[in-house]
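One structure is given here, and the rest of the page talks about it.
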Amino acid sequence: MTEPIEQQQKRVSFTDRMRVWFRWYYGPIAAALERTGIHPNVLTLIGLAGTAGVAVLIALHHMTTAGIVLLIMGPIDAMDGALARMRNQASRWGAFVDAVTDRYSELFLFLGFLIYYLSVKNSTGIICAYLAAAGSVLVSYVKARADANKLDANVGLLTRVERYLVLIPGLIFNIPLIALIIIAVFANITALQRIYRARQDAYRQLSQKQE
(Lines give C-alpha, C1' and ligand atoms only; values in the text may rest on other atoms or scores of the structure.)
Protein backbone atom coordinates (compact mmCIF):
# COMPACT_ATOMS: atom_id res chain seq x y z
CA MET A 1 0.00 0.00 0.00
CA THR A 2 1.37 3.42 -0.92
CA GLU A 3 1.29 6.40 1.45
CA PRO A 4 -1.30 9.15 1.08
CA ILE A 5 -0.10 12.30 -0.65
CA GLU A 6 -0.25 14.24 2.63
CA GLN A 7 2.19 11.85 4.30
CA GLN A 8 4.53 12.00 1.31
CA GLN A 9 4.58 15.81 1.49
CA LYS A 10 5.37 15.74 5.21
CA ARG A 11 8.24 13.28 4.87
CA VAL A 12 11.61 14.94 5.38
CA SER A 13 15.06 13.47 4.97
CA PHE A 14 17.63 12.92 7.69
CA THR A 15 19.68 15.68 6.05
CA ASP A 16 16.79 18.11 6.51
CA ARG A 17 16.51 17.15 10.18
CA MET A 18 20.24 17.61 10.68
CA ARG A 19 20.03 21.11 9.26
CA VAL A 20 17.30 21.95 11.80
CA TRP A 21 19.04 20.30 14.76
CA PHE A 22 22.36 22.07 14.15
CA ARG A 23 20.97 25.46 13.15
CA TRP A 24 22.18 26.76 16.53
CA TYR A 25 25.75 25.94 15.42
CA TYR A 26 25.96 27.07 11.80
CA GLY A 27 23.42 29.91 12.07
CA PRO A 28 25.68 32.33 14.02
CA ILE A 29 28.65 31.43 11.81
CA ALA A 30 26.57 32.13 8.69
CA ALA A 31 25.55 35.46 10.24
CA ALA A 32 29.22 36.34 10.79
CA LEU A 33 30.03 35.37 7.20
CA GLU A 34 27.13 37.50 5.98
CA ARG A 35 28.86 40.57 7.40
CA THR A 36 32.02 39.79 5.41
CA GLY A 37 30.15 40.08 2.11
CA ILE A 38 31.26 36.68 0.83
CA HIS A 39 28.96 35.17 -1.82
CA PRO A 40 27.31 31.81 -0.94
CA ASN A 41 28.66 30.21 -4.13
CA VAL A 42 32.21 31.22 -3.12
CA LEU A 43 31.64 29.44 0.18
CA THR A 44 30.48 26.37 -1.74
CA LEU A 45 33.68 26.39 -3.81
CA ILE A 46 35.80 26.81 -0.66
CA GLY A 47 34.14 23.67 0.68
CA LEU A 48 34.95 21.85 -2.56
CA ALA A 49 38.61 22.93 -2.36
CA GLY A 50 38.78 21.79 1.26
CA THR A 51 37.35 18.38 0.38
CA ALA A 52 39.88 18.06 -2.46
CA GLY A 53 42.57 18.71 0.15
CA VAL A 54 41.11 15.92 2.28
CA ALA A 55 41.34 13.59 -0.73
CA VAL A 56 45.03 14.45 -1.10
CA LEU A 57 45.60 13.65 2.59
CA ILE A 58 43.86 10.29 2.14
CA ALA A 59 45.97 9.47 -0.91
CA LEU A 60 49.11 10.32 1.11
CA HIS A 61 48.04 7.96 3.94
CA HIS A 62 47.23 10.72 6.48
CA MET A 63 43.86 9.25 7.50
CA THR A 64 43.38 10.81 10.95
CA THR A 65 44.34 14.29 9.72
CA ALA A 66 41.99 13.84 6.77
CA GLY A 67 39.14 12.93 9.11
CA ILE A 68 39.72 15.99 11.30
CA VAL A 69 39.86 18.33 8.30
CA LEU A 70 36.71 16.75 6.85
CA LEU A 71 34.96 17.23 10.19
CA ILE A 72 35.88 20.93 10.10
CA MET A 73 34.88 21.38 6.46
CA GLY A 74 31.57 19.53 6.79
CA PRO A 75 29.48 22.40 8.24
CA ILE A 76 30.30 24.59 5.22
CA ASP A 77 27.83 22.45 3.28
CA ALA A 78 25.05 23.83 5.48
CA MET A 79 26.44 27.36 5.82
CA ASP A 80 26.32 28.23 2.12
CA GLY A 81 22.59 27.52 2.00
CA ALA A 82 21.98 29.33 5.28
CA LEU A 83 23.94 32.33 4.01
CA ALA A 84 21.97 32.39 0.74
CA ARG A 85 18.64 32.35 2.61
CA MET A 86 19.85 35.03 5.00
CA ARG A 87 20.62 37.34 2.07
CA ASN A 88 17.56 36.30 0.08
CA GLN A 89 19.97 35.04 -2.58
CA ALA A 90 18.65 31.48 -2.69
CA SER A 91 18.19 30.53 -6.34
CA ARG A 92 17.91 27.55 -8.64
CA TRP A 93 21.41 28.29 -9.92
CA GLY A 94 22.81 28.29 -6.38
CA ALA A 95 21.07 24.99 -5.63
CA PHE A 96 22.45 23.58 -8.89
CA VAL A 97 26.01 24.68 -8.05
CA ASP A 98 25.68 23.21 -4.55
CA ALA A 99 24.43 19.86 -5.88
CA VAL A 100 27.16 19.59 -8.52
CA THR A 101 29.96 20.50 -6.10
CA ASP A 102 28.61 17.95 -3.61
CA ARG A 103 29.05 15.24 -6.24
CA TYR A 104 32.55 16.43 -7.11
CA SER A 105 33.44 16.53 -3.41
CA GLU A 106 32.46 12.92 -2.85
CA LEU A 107 34.17 11.75 -6.02
CA PHE A 108 37.37 13.52 -4.95
CA LEU A 109 37.23 11.67 -1.64
CA PHE A 110 36.75 8.27 -3.25
CA LEU A 111 39.51 9.05 -5.75
CA GLY A 112 41.77 9.65 -2.75
CA PHE A 113 40.83 6.23 -1.37
CA LEU A 114 41.36 4.63 -4.76
CA ILE A 115 44.87 6.10 -5.04
CA TYR A 116 45.65 5.02 -1.49
CA TYR A 117 44.52 1.42 -1.96
CA LEU A 118 46.27 1.18 -5.32
CA SER A 119 49.49 2.27 -3.60
CA VAL A 120 49.18 -0.39 -0.89
CA LYS A 121 47.90 -3.00 -3.39
CA ASN A 122 44.70 -3.73 -1.46
CA SER A 123 42.22 -5.15 -3.96
CA THR A 124 39.32 -5.10 -1.46
CA GLY A 125 39.87 -1.41 -0.84
CA ILE A 126 40.04 -0.68 -4.58
CA ILE A 127 36.74 -2.47 -5.23
CA CYS A 128 35.04 -0.82 -2.24
CA ALA A 129 36.24 2.63 -3.29
CA TYR A 130 34.69 2.08 -6.71
CA LEU A 131 31.42 0.70 -5.32
CA ALA A 132 31.18 3.50 -2.74
CA ALA A 133 31.68 6.12 -5.45
CA ALA A 134 29.13 4.45 -7.73
CA GLY A 135 26.56 4.09 -4.97
CA SER A 136 27.00 7.66 -3.76
CA VAL A 137 26.51 9.09 -7.25
CA LEU A 138 23.52 6.83 -7.95
CA VAL A 139 21.78 7.86 -4.72
CA SER A 140 21.80 11.48 -5.89
CA TYR A 141 21.15 10.69 -9.56
CA VAL A 142 18.08 8.56 -8.85
CA LYS A 143 16.64 11.31 -6.64
CA ALA A 144 17.33 13.97 -9.27
CA ARG A 145 15.71 11.94 -12.06
CA ALA A 146 12.73 11.14 -9.85
CA ASP A 147 12.27 14.83 -9.02
CA ALA A 148 12.53 15.74 -12.71
CA ASN A 149 9.72 13.26 -13.44
CA LYS A 150 7.65 14.43 -10.44
CA LEU A 151 8.13 11.13 -8.61
CA ASP A 152 8.76 10.71 -4.91
CA ALA A 153 12.13 9.11 -4.06
CA ASN A 154 12.87 10.86 -0.78
CA VAL A 155 13.82 7.70 1.14
CA GLY A 156 16.98 5.77 1.90
CA LEU A 157 19.29 4.50 4.61
CA LEU A 158 22.49 6.28 3.61
CA THR A 159 22.08 9.74 2.15
CA ARG A 160 25.00 12.18 1.93
CA VAL A 161 24.97 13.25 5.59
CA GLU A 162 24.89 9.65 6.81
CA ARG A 163 27.78 8.80 4.48
CA TYR A 164 29.85 11.56 6.07
CA LEU A 165 28.84 10.34 9.54
CA VAL A 166 30.31 6.95 8.60
CA LEU A 167 33.35 8.31 6.77
CA ILE A 168 34.61 10.86 9.31
CA PRO A 169 34.96 8.44 12.28
CA GLY A 170 36.42 5.84 9.92
CA LEU A 171 39.16 8.28 8.98
CA ILE A 172 39.77 9.70 12.45
CA PHE A 173 40.13 6.23 14.00
CA ASN A 174 42.13 5.02 10.99
CA ILE A 175 39.69 2.30 9.95
CA PRO A 176 38.89 3.59 6.46
CA LEU A 177 38.22 0.19 4.92
CA ILE A 178 35.37 -0.51 7.35
CA ALA A 179 33.83 2.85 6.52
CA LEU A 180 34.21 2.19 2.80
CA ILE A 181 32.59 -1.24 3.06
CA ILE A 182 29.60 0.24 4.89
CA ILE A 183 29.20 2.99 2.28
CA ALA A 184 29.76 0.60 -0.64
CA VAL A 185 26.97 -1.68 0.59
CA PHE A 186 24.41 0.74 1.99
CA ALA A 187 24.78 3.54 -0.58
CA ASN A 188 23.84 1.06 -3.30
CA ILE A 189 20.97 -0.27 -1.17
CA THR A 190 19.80 3.32 -0.76
CA ALA A 191 19.84 3.81 -4.54
CA LEU A 192 17.72 0.68 -4.93
CA GLN A 193 15.35 1.91 -2.21
CA ARG A 194 14.87 5.13 -4.14
CA ILE A 195 14.30 3.31 -7.41
CA TYR A 196 11.65 1.14 -5.75
CA ARG A 197 10.02 4.16 -4.11
CA ALA A 198 9.88 6.02 -7.44
CA ARG A 199 8.31 2.95 -9.04
CA GLN A 200 5.66 2.83 -6.30
CA ASP A 201 4.87 6.50 -6.78
CA ALA A 202 4.65 6.11 -10.55
CA TYR A 203 2.08 3.33 -10.17
CA ARG A 204 0.19 5.36 -7.56
CA GLN A 205 -0.07 8.31 -9.91
CA LEU A 206 -1.15 6.05 -12.77
CA SER A 207 -3.89 4.43 -10.67
CA GLN A 208 -5.17 7.86 -9.63
CA LYS A 209 -5.45 8.92 -13.27
CA GLN A 210 -7.42 5.79 -14.11
CA GLU A 211 -9.94 6.32 -11.32
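Miscellaneous remarks
Residues are listed down the side, and each one gets a yes or a no for (1) over 18 Å from A66 (Cβ atoms); (2) at pLDDT below 90; (3) in a helix (DSSP H, G or I):
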site	(1), (2), (3)
G170	no, no, yes
I195	yes, no, yes
R199	yes, no, yes
L206	yes, yes, yes
K209	yes, yes, yes
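- Boolean, I115 is β-branched (V, I, T), touching a Gly at 6+ places or on another chain (Cβ under 8 Å) and either at pLDDT 95 or above or open to solvent by less than 70 Å² (accessible area, probe 1.4 Å) (or both): no
- The listed residue being open to solvent by 70 Å² or more (accessible area, probe 1.4 Å), assigned to a helix (DSSP H, G or I), within 26 Å of I178 (Cβ to Cβ) and not basic (K, R), out of V137, V142, V69, V56: V56
- Hits in the range 107-150 (condition: in contact with a Lys or Arg (Cβ under 8 Å, 6 or more places away or on another chain) and not small (G, A, S)): V137, V139, V142, K143
- Test: residue in the range 63-79 that is more than 18 Å from R160 (Cα to Cα), modelled with pLDDT of 70 or more and touching a Gly at 6+ places or on another chain (Cβ under 7 Å): no
Listed here are the residues, each with its yes/no results for (1) within 21 Å of L111 (Cα to Cα); (2) open to solvent by 50 Å² or more (accessible area, probe 1.4 Å); (3) not acidic (D, E).
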{"site": "A133", "(1), (2), (3)": "yes, no, yes"}
{"site": "V155", "(1), (2), (3)": "no, no, yes"}
{"site": "L158", "(1), (2), (3)": "yes, no, yes"}
{"site": "L165", "(1), (2), (3)": "yes, yes, yes"}
{"site": "F173", "(1), (2), (3)": "yes, yes, yes"}
{"site": "I181", "(1), (2), (3)": "yes, yes, yes"}
{"site": "Y196", "(1), (2), (3)": "no, yes, yes"}
{"site": "R199", "(1), (2), (3)": "no, yes, yes"}
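- Filter result for the condition that a residue is more than 19 Å from I175 (Cα to Cα) and at pLDDT below 85, over N154, N88: N88
- Residue within the range 124-142 that is farther than 20 Å from V185 by Cα and at pLDDT 95 or above present: no
- Pick from the range 185-200, criterion of a type in the set (A, V, I, L, M, F, W, C) and within 17 Å of the chain's Cα centre (by Cα), ranking: farthest from N149 (Cα to Cα): V185
The values are calculated or read from the model by the stated rules, or taken from the named source; none is laboratory data. Note that the structure is a prediction, hence the values are computed from the model and not measured. Here Cβ is always computed from backbone atoms with ideal geometry, including for glycine, and neighbour counts include all displayed protein chains. Only protein heavy atoms, including side chains, enter the accessible area calculation; ligands, DNA and RNA are left aside. Shrake-Rupley method; radii C 1.70, N 1.55, O 1.52, S 1.80 Å.
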